[in-house]
1. Cβ-Cβ under 8 Å, sequence separation 6+ or interchain: first residue in the stretch 190-214 and closer than 20 Å to L87 by Cβ, partner among the charged types (D, E, K, R) and open to solvent by less than 40 Å² (accessible area, probe 1.4 Å). Which pairs?
2. Which one of the conditions (1) aliphatic (A, V, I, L, M); (2) at pLDDT below 85; (3) in contact with a Pro (Cβ under 7 Å, 6 or more places away or on another chain) does L150 fail to meet, given that it meets all the rest?
3. Answer yes or no: is there a residue in the stretch 161-171 that is at pLDDT below 95, assigned to a helix (DSSP H, G or I) and among the hydroxyl-bearing types (S, T, Y).
4. Looking at the stretch 92-122, which of its residues are touching a Pro at 6+ places or on another chain (Cβ under 9 Å) and at pLDDT 90 or above?
5. Before we move on, is V190 touching a Lys or Arg at 6+ places or on another chain (Cβ under 9 Å) and either outside any loop (DSSP other than H, G, I, E, B) or under 21 Å from T13 (Cα atoms) (or both)?
6. For the stretch 196-213, does any single residue satisfy the condition of being out of contact with any Leu (no Cβ under 6 Å at 6 or more places or on another chain), open to solvent by 10 Å² or more (accessible area, probe 1.4 Å) and either within 21 Å of A28 (Cβ to Cβ) or modelled with pLDDT of 95 or more (or both)?
7. Testing R89 on (1) among the basic types (K, R); (2) surrounded by fewer than 19 Cβ atoms within 10 Å (Cβ to Cβ); (3) at pLDDT 95 or above, one condition comes back false. Which one is that?
Amino acid sequence: MSGTGVLLLLLLTSSIPVIAVFLWFRLARYPFSPVRFSAALLAGAGSFFPALLFQNLLADINSAFWISGKWGPVANIFIRIALTEELSRLIVLAALFFAVSRFSRRKEPAEDAADVPAVTLAGAAGLIAGLGFAILESAVYGASYPGNTLLRAFTTAPLHGACGFRVGTSIEIWRKNPIRAVLRFLTAVVIHGVYNFMLQTDVARFRIVAILIALSALAAAAAAIRSGMRSE
């Protein structure tokens, strides 16, 4: 198979969770339009690039300090990887929410979404953005380690989706409760970091726990979205 064919296969495999969520939203008739879905997906994919930039900057600046010290591996996982990826998602999602808010002022909101809590819509957008991020990350990683593509598609994608949900809701609740918003964002970083830390060990049971963390966090996010969407 050619390099282009392999890349397309990786992208298709990484897109499976996104397709599943899109079908879920359509079949459940949630008031989340395809346009909004696409915007959140593109925002999440776009957040991959600032995350990569932040990670490279931290590697260059701090390689002689905490990255190479005693706590280097932990700092690398929780700060250089987990924190930068969630922070990038936060920045891009905040910009998206601001743009949507400005656009909504010029146009009446759709009636079918009027009764859905804003935090639910923000969480749904964050979930989709996380899956968008995972598409690019899994494709890039899979190009180097094709044998692990399916594993990442079905574990890392749920992890990014669950953390994206938390980041999205943290943005929405910021004005009303900043402390809660910060804690919500930090839980996304912690979940992300613990998952990465356990997945990189050679102990099989730790890897299983990492997968369970990703899936349970995604299930909690999905349950919250389902409850919020039906609260109308």
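1. Pairs that qualify, where the first residue is closer than 20 Å to L87 by Cβ and the partner is among the charged types (D, E, K, R) and open to solvent by less than 40 Å² (accessible area, probe 1.4 Å), are H192/E85; H192/E86.
2. The number of the failed condition is (3).
3. Taking every residue of the stretch 161-171 in turn, none turns out to be at pLDDT below 95, assigned to a helix (DSSP H, G or I) and among the hydroxyl-bearing types (S, T, Y).
4. Selection gives V92, L121.
5. No: the conditions fail for V190.
6. no
7. (2)
The values are calculated or read from the model by the stated rules, or taken from the named source; none is laboratory data. Not measured: the values here are computed from a predicted model. Here Cβ is always computed from backbone atoms with ideal geometry, including for glycine, and neighbour counts include all displayed protein chains. We work out accessible area using only protein heavy atoms, side chains counted, and drop any ligands, DNA or RNA first. Shrake-Rupley method; radii C 1.70, N 1.55, O 1.52, S 1.80 Å.
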